[in-house]
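Q: Mind looking over this structure? Questions follow.
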Amino acid sequence: MKVTVSGATGRIGRHVVAALKARGDEVTALSRDPDKAGEMLGVEAHAWDLKNDAVPRPALAGCDAVVHLAGEDVGQRWSKQVKAEIIDSREKGTRNMVHSIFDTKPRPRTLVCASASGYYGGERGDEIIDELAAPGADWLADVCARWERQIETAKIGIRTVIVRTGLVLDADGGALAKMLPPFKAGLGGPIGSGKQYMPWIHLDDLVGMYLAALDNDQFAGPINASAPEPVTNKQFAKALGRAINRPAVAPVPGFTIKVMYGEMAQIVLGGVRMVPGRVAELGYEFKHPDLDAALRDTLD
């Protein structure tokens, strides 16, 4: 299979590319710095300014599928400028990707695009959320909904899959990497009330879902990329403490998080009890369904 990957040098993209190469697929990367991407990943790479340009025609020529991961990092303080960049990189970037796919002859057969558990909002309490649930009402939910509307425009002509991702267990980046220093210092614990849910997924399973979405034509529309059993923030903190043999009882007040992160604190203080209903129906077998075992594997 020939696959074009945007955001290929990002935290998830690097692992998706490596998995595709390992099984013998031909990969083309899209990056703002193609020389760096080509050297880092060992693949053909093309320059792409996702907000302003169409995808270069050679990057899609003869392509069977596209994995679209590019977008501004949400995990930073949300200034007015940063919020605009978060929206534009997803809305304009995905629009440019879809238009480029439709201008390609023959077209790629499949588009697998990232989204986030933030689609469902952060104030759903104990409600069990599968792919049929309505979107949330906060700012991040609106961003995800606008993002997904651009993806949906492609489904008339090709198979599209939207991967709504929870917290990815990765010791080298993302939320878990930021949690580790205070936990290792014995200062970790639940945040805010600790009752908010944290849909989580091991990096291996997230990559596995992307590959399954490429291979299985039954994958279509949104899929929730999270482990079968979401946990509360308090439960996650205790599990992380067990994984590194440190106490995890020092609560972090919600107001402290708000001072540190501003509006972006809603990601940490809110949460959703998201479950992978669709992938369960399609028979995806999780490599790491248990949180304790998943954390041990991640942190080994």
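The values are calculated or read from the model by the stated rules, or taken from the named source; none is laboratory data. What you see is a predicted model; the values in this text were computed from it and never measured. For neighbour counting, all protein chains shown are included, and Cβ atoms are generated from backbone atoms with ideal geometry for every residue, glycine included. Keep in mind that these areas ignore ligands, DNA and RNA; they rest on the heavy atoms of the full protein, side chains included. Shrake-Rupley method; radii C 1.70, N 1.55, O 1.52, S 1.80 Å.
Q: Under 17 Å from the mean Cα position of the chain (by Cα) and either at pLDDT 95 or above or open to solvent by 40 Å² or more (accessible area, probe 1.4 Å) (or both): which single residue out of Arg107, Arg159, Arg90 fits that description?
A: Checking each option against the conditions leaves just Arg90.
Q: Here is a further query. In the set Ala227, Ala213, which member is at pLDDT 95 or above, aliphatic (A, V, I, L, M), part of a loop (DSSP other than H, G, I, E, B) and closer than 30 Å to His68 by Cα?
A: Being at pLDDT 95 or above, aliphatic (A, V, I, L, M), part of a loop (DSSP other than H, G, I, E, B) and closer than 30 Å to His68 by Cα holds for just one of Ala227, Ala213, which is Ala227.
Q: Do the conditions hold for Ala133, that is, is it open to solvent by less than 60 Å² (accessible area, probe 1.4 Å), more than 16 Å from Gly7 (Cβ to Cβ) and of a type in the set (Gly, Ala, Ser)?
A: So Ala133 fits the description; yes.
Q: OK, next. Only residues that are open to solvent by 60 Å² or more (accessible area, probe 1.4 Å) and in contact with a strand residue (DSSP E or B) (Cβ under 9 Å, 6 or more places away or on another chain): list them for segment 48-73, please.
A: Asp53, Pro58
Q: Filter segment 235-253 down to residues that are closer than 17 Å to Gly271 by Cβ, assigned to a helix (DSSP H, G or I) and open to solvent by 60 Å² or more (accessible area, probe 1.4 Å), then give me how many there are.
A: 2
Q: Any residue at all in segment 180-193 that's touching a strand residue (DSSP E or B) at 6+ places or on another chain (Cβ under 6 Å) and either outside any loop (DSSP other than H, G, I, E, B) or open to solvent by 20 Å² or more (accessible area, probe 1.4 Å) (or both)?
A: Checking segment 180-193: at least one residue is touching a strand residue (DSSP E or B) at 6+ places or on another chain (Cβ under 6 Å) and either outside any loop (DSSP other than H, G, I, E, B) or open to solvent by 20 Å² or more (accessible area, probe 1.4 Å) (or both).
Q: Related question: Could you grab me the full set of residues in segment 22-43 that are touching a strand residue (DSSP E or B) at 6+ places or on another chain (Cβ under 6 Å) and open to solvent by 60 Å² or more (accessible area, probe 1.4 Å)?
A: Passing the criteria: only Glu26.
Q: A further question follows. Go through the residues of segment 165-179 one by one and say whether even a single one is over 27 Å from Arg242 (Cα atoms) and open to solvent by 20 Å² or more (accessible area, probe 1.4 Å).
A: No, segment 165-179 has no match at all.
Q: Here is a list of conditions, (1) without any contact (Cβ under 8 Å) to a residue 40 or more places away in the chain; (2) open to solvent by 40 Å² or more (accessible area, probe 1.4 Å), and Ala265 meets all of them except one; can you say which number that is?
A: Every listed condition holds for Ala265 apart from (2).
Q: Any residue in segment 152-174 that's without any contact (Cβ under 8 Å) to a residue 60 or more places away in the chain: show its pairings with residues that are among the basic types (Lys, Arg) at Cβ separation under 8 Å, as long as the two are six or more apart or on different chains.
A: Cβ pairs passing all conditions: Thr153/Arg95; Gly157/Arg107; Ile158/Arg107; Ile158/Arg109.
Q: Still on this structure, I have one more. Testing Ala280 on (1) in contact with a helix residue (DSSP H, G or I) (Cβ under 7 Å, 6 or more places away or on another chain); (2) closer than 19 Å to Glu127 by Cα; (3) of a type in the set (A, V, I, L, M), one condition comes back false. Which one is that?
A: In the conditions (1) in contact with a helix residue (DSSP H, G or I) (Cβ under 7 Å, 6 or more places away or on another chain); (2) closer than 19 Å to Glu127 by Cα; (3) of a type in the set (A, V, I, L, M), Ala280 misses (1) alone.
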